[in-house]
Amino acid sequence: MDYPGNLIVVAAPSGAGKSSLVKALMELDAKVQPSVSHTTRDPRGQEKHGREYFFASQSEFDAMVAADAFVEWAEVHGNRYGTSKKAIEERMAQGADVILEIDFQGAIQIKQIFANAVLIFILPPSWEELRSRLERRGEDAPDVIELRLANAAIEMAQAHKFDFVIINELFDRAVFDMKTIVHAQRLKFAAQRRARADTFKSLNIA
Ligand SMILES: Nc1nc2c(ncn2[C@@H]2O[C@H](COP(=O)(O)OP(=O)(O)O)[C@@H](O)[C@H]2O)c(=O)[nH]1
Ligand SMILES: Nc1ncnc2c1ncn2[C@@H]1O[C@H](COP(=O)(O)OP(=O)(O)O)[C@@H](O)[C@H]1O
């Protein structure tokens with residue numbers, strides 16, 4: 001599968017700030033577009049179907065798995081989440097850089113399918129700050145926060161499998177780091193595509 005657009009995958013423990021960072025990056029760079037995942041979890045207060053997620057029932061999700069509609073899916077914090085083929089392929093074919101906010105299991109699956117995907121892991125500056133961000137966000141019940149903190153240790157142990165790790169301490173600094181990675185990646189793959197096209201041309205292959 002070779003598309004003119006690139007894939008950027010962002011993973012992080014819950015509350016590290018990935019949704020806020022991805023939103024800020026997309027505001028700075030119109031070429032970066034979101035992949036909207038499907039999930040079986042309930043919507044939070046401000047979330048809209050089709051914007052943050054496509055909210056699916058267990059049976060709707062099952063039907064999509066059976067129809068092979070997902071590029072990857074995983075169970076995270078007791079709910080299922082998946083990236084549909086539709087969510088990424090159309091946009092990449094049009095040349096957009098598609099950004100996926102998914103967990104580490106999904107990120108690793110994506111890298112196996114799309115070797116050129118760039119994997120970014122976001123870390124919080126400390127445990128205390130991670131807990132207080134989850135509490136300040138005010139969207140999850142205390143037991144849900146405890147589950148997410150317990151899972152954070154397992155998730156953070158996977159950070160070394162990613163291409164880049166960013167510590168989200170100062171927000172603007174972390175956005176700038178993401179922007180730099182995305183630009184560097186874009187230049188690298190554009191150069192690779194040009195070199196490949198030149199080789200094909202010199203060999204007279206279409
Ligand atoms: N594998 C996979 N993980 C996803 C997908 N969409 C979201 N996730 C992950 O599921 C986890 C929970 O997401 P969410 O319930 O929105 O909570 P939040 O990360 O605290 O905002 C996060 O690690 C997300 O990155 C997806 O399509 N595939
Ligand atoms: N660098 C930062 N400093 C302080 N608060 C932050 C920072 N980045 C994000 N936040 C806040 O932390 C909370 C969790 O961020 P969010 O983007 O929802 O995390 P995630 O998507 O990783 O679960 C939000 O209330 C957000 O405004």
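Past the 19 angstrom mark, what percentage of all C-alpha to C-alpha distances in segment 1-58 do you count? Within segment 1-58, distances greater than 19 Å cover 41 percent of Cα pairs. Remark: relative contact order (segment 77-206) = 25 percent; criterion is Cα-Cα distance under 8 angstrom and separation of 6 or more residues.
Taken along its principal axes, the alpha carbon cloud of segment 112-162 reaches lengths of 38, 20, 17 Å, longest axis first. At q = 0.10, 0.12, 0.17, 0.18 Å⁻¹ the log10 of I(q)/I(0) for the chain amounts to -0.45, -0.63, -1.24, -1.39, computed by Debye summation with a single uniform scatterer per C-alpha, solvent ignored. Taking one quarter of the surface of the C-alpha convex hull of segment 72-124 gives a mean projected area of 4.1 nm². Which of 165, 54, 182 sits closest to the plus end of the dipole of the chain, meaning its Cα is farthest towards the positive end, when Lys and Arg get +1 and Asp and Glu get -1 on the C-beta? In the chain, that residue is 182.
Taken about its Cα centre, segment 1-135 carries a charge dipole of about 160 debye when Lys and Arg each add +1 at the Cβ and Asp and Glu each add -1 at the Cβ. The relative contact order of segment 5-134, computed from alpha carbon pairs under 8 Å that lie at least 6 residues apart in sequence, is 44 percent.
For q values of 0.17 Å⁻¹, compute log₁₀ I(q)/I(0) with the Debye formula on a Cα-only model of segment 92-206, without solvent. Values returned for q = 0.17 Å⁻¹ are -0.99.
Above 20 Å, the calculated P(r) of segment 128-196 contains 53 percent of its Cα-Cα pairs.
The overall shape of segment 3-108 is oblate: from the C-alpha gyration tensor, with semi-axes ordered a ≥ b ≥ c, the ratio a/c is 1.5 or greater and a/b is no larger than b/c. Annotation for residue 68 and residue 141: the two label points, set 7 Å from Cα along the Cα-Cβ direction, are 3.9 nm apart. Taken about its Cα centre, segment 105-206 carries a charge dipole of roughly 900 debye when the Cβ of each Lys and Arg holds +1 and the Cβ of each Asp and Glu holds -1. Packing, as the average of other Cβ atoms within 10 Å across residues, places the peptides 158-167, 14-23, 54-63 in the order 14-23, 158-167, 54-63, highest first.
Count the DSSP beta bridges whose two residues both fall in the chain, then state the antiparallel fraction as a percent rounded to the nearest 5. Walk me through the numbers before you get to the answer.
Numbers: 8 of 27 bridges.
Percentage antiparallel, nearest 5: 30.
Which of rounded, prolate or oblate describes segment 57-150 when judged by the alpha-carbon gyration tensor and an a/c cut-off of 1.5? Here segment 57-150 falls in the oblate category.
Only one residue of 134, 108, 192 has its Cα farthest out toward the positive end of the dipole of the chain, where Lys and Arg carry +1 and Asp and Glu -1 on Cβ, and that residue is 192.
Only the coordinates and a few stated rules stand behind these numbers; no lab work does. Fair warning: this is a prediction, and the values are worked out from it, not measured in the lab. All Cβ positions, glycine included, derive from the backbone under ideal geometry; neighbour counts span all protein chains shown.
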